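Student: Here it is, the structure, as structure tokens.
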Amino acid sequence: MSEESFQKYADYEVPLLQALAGLPGGQGEYIELVREFELRFGSRIPSGHKTAISGRPGRLKWQNIIDWIGGDLAISGLLKVSSSGSWSITEHGRTYLENFSHSAARSGPEYPVVELDFATSRNATLKGLAERTGNRDPAEAPTGAHATLDSQVVAIRAFLNGRASRPSDERLCDWVNFCYEFGLYREGRELFRLVDPSQVNEWYYERAKRLARVCAMKVAGHA
């Protein structure tokens, strides 16, 4: 493995944005993005990430990583994935790439995460649900969406306060992702501390670990 090879999932973030920005208009279908990414960065993909995903013939691990990383970048507002499956880089994403190219040589890049409080992020999610069902008002999101989001917060806090039984380790990782997405950084940090890595798929644990690290930085005021 060369020095420039991707060592961890986070190493895919900037190259993914660069590949997306390189498509015509900065947008394209997932398969187009995969081709562009492999064309540009194929030599940096380690052999361990070129293995097939169990149960998904023709799907390689690095392609799956791009899927997950894309979700994180979408949460941060650096790219968008439409309901039809089209990927596009946002203006925020282009600005980040421009700043990245200027700052990398000086002190190394820092991945920017857009901090959203729960109410703001909750409303953004409800708005997206409403729009996908043909409405414009977040209040017109599918029935039960409001209660579902709020009940998640109640369940998480009940567990952390000792008022609910311990969920599975995979569920804890799900909750870490939820807390990161909705700005519940303290809860996300505390939940990850309870995860047993031997009980979760490696790729999912690493993803939760990375999000929990961001949560911890937010709590400490370093991000």
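The values are calculated or read from the model by the stated rules, or taken from the named source; none is laboratory data. Predicted model only: the values in this text are computed from it and were never measured. Neighbour counts run over all protein chains shown; Cβ positions are idealised from the backbone, glycine included.
Student: Quick one: how many residues across the range 154-200 are on the phi > 0 side of the Ramachandran plot and in contact (Cβ under 8 Å) with a residue 24 or more places away in the chain?
Tutor: Final tally of qualifying residues: 1.
Student: I've got another one for you. Keeping to the range 198-223, report how many residues are part of a helix (DSSP H, G or I), more than 17 Å from the chain's Cα centre (by Cα) and farther than 26 Å from Ser54 by Cα.
Tutor: Qualifying residue count for the region: 2.
Student: I've got another one for you. Right, Asn177: under 25 Å from Ala220 (Cβ atoms), polar (S, T, N, Q), in the same structural domain as Ala216 (by TED's automatic domain parsing) and surrounded by fewer than 15 Cβ atoms within 10 Å (Cβ to Cβ) or not?
Tutor: no
Student: For the range 190-223, give me each residue that is within 21 Å of Ala155 (Cβ to Cβ) and of a type in the set (Gly, Ala, Ser).
Tutor: If the condition is that a residue be within 21 Å of Ala155 (Cβ to Cβ) and of a type in the set (Gly, Ala, Ser), then Ala208, Ala212 are the ones that fit.
Student: Would you mind telling me which numbered condition in (1) aromatic (Phe, Trp, Tyr); (2) more than 21 Å from Lys61 (Cβ to Cβ); (3) in contact (Cβ under 8 Å) with a residue 24 or more places away in the chain Trp203 fails?
Tutor: It fails just one condition, (2).
Student: In addition: Of all the residues that make up the range 67-90, how many are free of Cβ contacts under 8 Å to residues at least 40 places away in the same chain, in contact with a strand residue (DSSP E or B) (Cβ under 7 Å, 6 or more places away or on another chain) and polar (S, T, N, Q)?
Tutor: Summing the residues that are free of Cβ contacts under 8 Å to residues at least 40 places away in the same chain, in contact with a strand residue (DSSP E or B) (Cβ under 7 Å, 6 or more places away or on another chain) and polar (S, T, N, Q) in the range 67-90 gives 1.
Student: Also: Please enumerate the residues belonging to the range 17-36 that are touching a Gly at 6+ places or on another chain (Cβ under 9 Å), buried (at least 17 other Cβ atoms within 10 Å of the Cβ) and free of Cβ contacts under 8 Å to residues at least 60 places away in the same chain.
Tutor: Within the range 17-36, Leu33, Glu36 meet the criteria.
Student: Among (1) surrounded by 15 or more Cβ atoms within 10 Å (Cβ to Cβ); (2) more than 19 Å from Glu13 (Cβ to Cβ), where does Tyr205 come up short?
Tutor: With (1) surrounded by 15 or more Cβ atoms within 10 Å (Cβ to Cβ); (2) more than 19 Å from Glu13 (Cβ to Cβ) applied to Tyr205, the lone miss is (2).
Student: For the structure I just gave you, tell me whether Glu187 is in a helix (DSSP H, G or I), modelled with pLDDT of 85 or more and farther than 21 Å from Gln152 by Cβ.
Tutor: no
Student: Which condition breaks for Val195 when tested against (1) modelled with pLDDT of 90 or more; (2) in a helix (DSSP H, G or I)?
Tutor: Single failed check for Val195: (2).
Quick grid of which residues meet (1) over 24 Å from Leu211 (Cβ atoms); (2) not β-branched (Val, Ile, Thr):
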| position | (1), (2) |
| --- | --- |
| Phe6 | no, yes |
| Arg35 | yes, yes |
| Gly42 | yes, yes |
| Ala52 | yes, yes |
| Asp72 | no, yes |
| Leu78 | no, yes |
| Ile89 | no, no |
| His92 | no, yes |
| Leu97 | no, yes |
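Student: For the list (1) under 29 Å from His92 (Cβ atoms); (2) at pLDDT 90 or above, I need the number of the one condition that Pro46 fails.
Tutor: Result: Pro46 passes all but (1).
Student: Which residues, counting only those in the range 54-66, are surrounded by fewer than 14 Cβ atoms within 10 Å (Cβ to Cβ) and of a type outside the set (Gly, Ala, Ser)?
Tutor: Arg56, Pro57, Arg59
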